[in-house]
Every structure is written in structure tokens, then in C-alpha cells.
Amino acid sequence: MSIGFIGLGIMGSAMAANLLKAGFKLTVWNRSEDKCRPLAAAGADLARSPRAVAEASEIVFAMMATPEAAAAVRDGDSGILAGLRPGAGYVDMSTVDAETSQESARLVHQRGALFLEAPVAGSRKPAEDATLTIMAAGDRDLYDLSLPAMEKMGKKIFYLGNTGNAARMKLANNLVMGGMLTALSEGVALAAGSDLDIAQFLEVLDSGALSNPMFRLKGEMIARNGEFPTAFPLKHMQKDLRLALRLAEAVGQPLFATAIVNELFKKALAQGLGDADFAAVSRVIR
Ligand code: NAP
């Protein structure tokens, strides 16, 4: 099967590499061309535009930073839509809002093609290890068709029904993550400020009901308070909080804690921490 992959950032580059390793014929494009080189060296074809990727592919995957970036590669003369063949598929794995996905579905259907939104949970390492959780929604036929490829990127794959459900599921997931990370940062700050041994604090957390992989992954980084090497860019976490709050507003659901967590992430952005890992929000607290 010929596959296209657009958006070779932290996540996309690792996911595309797994598709290539699995033996799919792969065509790639990225706005900054240098990020295509490792994949080209491993055997992927380079396209000159998102449109050219679509022209060469039965299924096109995209993994873009934001709703605006997803629209930028979708629309226009050199966009995916312009090259999408009738009957072909477009799978957008970016974290976007439900409205962006629904607009993509509408435009893709106009071309006689199929659409699936498929945002993921899991960061740089799960992307490399092909152990992502994938939340898919949209055209069931495309879900079935793209499953063999998605199985080379993720270990747990959900089909959630109508387009928009996966975007909403992903945003609900990420508001929990932002809140947990903030609580961990405040716990570490309080432990440090009260002259407690931070390593012991993390051990206490890990020995009870609060034990979880994210605390184990980020706890020491937050405790050290030095470098925050990026797995999940802080700017993307703030985007997700913003989109979750917008969704909450649309459905009339108050999100008391998330509103405050979002302010912390906005402050971190204003302090120039947008490209650091999202754990760097602890800098605002400590
Ligand atoms: P990233 O490293 O920042 O990569 C973003 C990609 O979007 C890059 O390919 C970038 O191109 C492209 N891009 C941005 N603006 C664009 C524009 N206007 N036109 C064309 N291309 C544009 O982000 P990432 O961490 O891989 O995340 C990608 C998506 O997955 C985001 O929606 C994020 O929220 C979600 N996600 C991330 C993680 C994680 O842990 N990192 C986990 C789950 C979900 P350039 O290379 O040219 O900048």
C-alpha cells in the first residue's frame, strides 16, 4: 500500500519511520525540508508539496502542530485536497478541535475521498516504540483500510464513531494530563520549600494510589529543575488546554481547575518556555 506522511516533527518523524520499517511504500513532506533527510536516507520518497504526497498515495497521514497548521497543509493549490484521488483516504493524526476535523471531513468528502481523525496519546518514546494510543473517528471504511498502518504506530486503537469524537476525547485526555503535571509540580515545590527530601517525596507518591507512568517520567526532571528536554512541547499543551476550554464553553461545562492550569501554561509561554517540555511549567510555580 502506498502511504504518504506529512508533518515530520517530534511525533511524525518517529511514526513515519515505523511505517517505513514495516515495509510500506512511503512518500513524505515537511515544511522544513531538513527533517525529511533521515527518512529519505532510509528509503522514503520526498515530495515537493502536500499535494504531491496525496497524488502519490492511497492513504495520506498528517501530524501537524495546530489546527492552523493542519489547515495550511490541507488547503490551497499545493494542499492535500488538491491531490487527493477519489476513493483515497486522509487520516489527520494532529491534535485539533472537532470543528477543524469536521471541516476536513466535509472538504475531503467533496473530493470523493474518505476522512479519519486519529489523534494520539503517548509522547516521543511511545511514538518511537510504536506503542501509541490512537483515538480514531470518521469514515469506518478508512479506519478498516488504515488499520494495518495504524497498528505499526500504536498498540491500542479505538474507533469512536462520528468525526469530532476523537478530537473531543483527546482534549479531555490532555486536560487531565495538564492538571496532573501541575499538581506534581506544586507537590515538588512544596516538598522543596518545606525542606523535605524531594526524592523521598517522589518515592512516597510512587508507592501508593498516585503512582503513574507520567509522574515517574517527569518527576525527576521537575525535581532537578534544570533542563527540560522536549518530548511534548509546552506550547502544544497550552494549545490543547485552550481547545479543551473552548469545547467546555461550547457544551456549557465548567472546568474550574483547567481554567487555572491554562493560565499557568500561558505564563510559561510568556516566559519563553514554549519549546521546552511541558514539564517546564513547574518553573512558573517553583
Ligand atoms: P512538532 O515537533 O512541533 O511538529 C509539528 C509539525 O507541524 C512539524 O512538522 C512542523 O513543520 C509542522 N508545522 C507547524 N506549523 C506549520 C505550518 N503552518 N505549515 C506547515 N507545517 C507546519 O510537534 P509534535 O510534538 O510532533 O506534535 C504534533 C501534533 O501531535 C500536535 O498536534 C501535538 O499536540 C500532538 N501530540 C504531540 C505529542 C508529543 O508528546 N510531542 C503527543 C501526543 C500528541 P516544521 O518542521 O517545518 O516546523
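Taking the stretch 265-283 as the range and being of a type in the set (D, E, K, R) and in contact with a Lys or Arg (Cβ under 9 Å, 6 or more places away or on another chain) as the test, the residues that pass are LYS266, ASP275, ASP277.
Given the criteria open to solvent by less than 60 Å² (accessible area, probe 1.4 Å) and either within 16 Å of the ligand (Cβ to nearest atom) or assigned to a strand (DSSP E or B) (or both), does THR163 qualify? Judged against the criteria, THR163 is not a match.
Hey, does the stretch 38-49 have a residue that's under 21 Å from the mean Cα position of the chain (by Cα) and in contact (Cβ under 8 Å) with a residue 40 or more places away in the chain? Checked the stretch 38-49: no residue is under 21 Å from the mean Cα position of the chain (by Cα) and in contact (Cβ under 8 Å) with a residue 40 or more places away in the chain.
Out of GLU203, GLU186, which single residue is touching a helix residue (DSSP H, G or I) at 6+ places or on another chain (Cβ under 9 Å), away from the ligand (no atom under 14 Å from the Cβ) and open to solvent by 50 Å² or more (accessible area, probe 1.4 Å)? Spell out the reasoning first.
Working: GLU203 fails: touching a helix residue (DSSP H, G or I) at 6+ places or on another chain (Cβ under 9 Å).
Just a single option satisfies the conditions, and that option is GLU186.
Does ASN173 count as open to solvent by 60 Å² or more (accessible area, probe 1.4 Å) and out of contact with any Gly (no Cβ under 6 Å at 6 or more places or on another chain)? Against the criterion (open to solvent by 60 Å² or more (accessible area, probe 1.4 Å) and out of contact with any Gly (no Cβ under 6 Å at 6 or more places or on another chain)), ASN173 qualifies.
Total residues in the stretch 98-133 satisfying the condition of being buried (at least 24 other Cβ atoms within 10 Å of the Cβ) and either within 16 Å of the ligand (Cβ to nearest atom) or acidic (Asp, Glu) (or both): the figure is 9.
Counting the residues of the stretch 234-286 that are closer than 23 Å to GLY187 by Cβ and at pLDDT 95 or above gives 33. For the stretch 142-160, a residue qualifies if it is crowded, with 18+ Cβ neighbours inside 10 Å, hydrophobic (A, V, I, L, M, F, W, C) and outside any helix (DSSP H, G or I), and the qualifying residues are MET153, ILE157, LEU160.
Matching residues to (1) closer than 18 Å to LEU132 by Cβ; (2) assigned to a helix (DSSP H, G or I); (3) open to solvent by 10 Å² or more (accessible area, probe 1.4 Å):
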position	(1), (2), (3)
PHE5	yes, no, no
ALA14	yes, yes, yes
GLY23	no, no, yes
PRO38	no, yes, yes
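Take the residues of the stretch 67-97 that are open to solvent by less than 30 Å² (accessible area, probe 1.4 Å) and hydroxyl-bearing (Ser, Thr, Tyr): which is farthest from the ligand (Cβ to nearest atom)? For the stretch 67-97, the residue satisfying everything is TYR90.
Within the stretch 219-252, restricting attention to residues that are of a type in the set (A, V, I, L, M, F, W, C) and surrounded by 22 or more Cβ atoms within 10 Å (Cβ to Cβ), which residue is nearest to the ligand (Cβ to nearest atom)?
Applying the first criterion (of a type in the set (A, V, I, L, M, F, W, C)) to the stretch 219-252 yields 221-223, 228, 231-232, 234, 237, 241, 243-245, 247-248, 250-251.
With the extra rule that they be surrounded by 22 or more Cβ atoms within 10 Å (Cβ to Cβ), the set shrinks to 222, 234, 237, 241, 243-244.
Numbers: ILE222: 16, LEU234: 10, MET237: 8, LEU241: 11, LEU243: 9, ALA244: 12 Å.
Among those that are of a type in the set (A, V, I, L, M, F, W, C) and surrounded by 22 or more Cβ atoms within 10 Å (Cβ to Cβ), it is MET237.
For MET64, the conditions (1) in contact (Cβ under 8 Å) with a residue 60 or more places away in the chain; (2) near the ligand (Cβ under 8 Å from one of its atoms); (3) of a type in the set (A, V, I, L, M, F, W, C) all hold with the exception of (1).
Sub-9 Å Cβ pairs linking a first residue in the stretch 150-165 that is over 15 Å from PRO126 (Cβ atoms) to a second residue that is open to solvent by 20 Å² or more (accessible area, probe 1.4 Å) and assigned to a loop (DSSP other than H, G, I, E, B), at least 6 apart or interchain, are THR163/ASP139, ordered by first then second residue.
The values are calculated or read from the model by the stated rules, or taken from the named source; none is laboratory data. Just so it is clear, the model here is predicted, and its values are computed rather than measured. Heads up, the Cβs are rebuilt from the backbone with ideal geometry, glycines too, and the neighbour counts pull from every protein chain shown. For accessibility, only protein heavy atoms count, side chains too; no ligands or nucleic acids. Shrake-Rupley method; radii C 1.70, N 1.55, O 1.52, S 1.80 Å.
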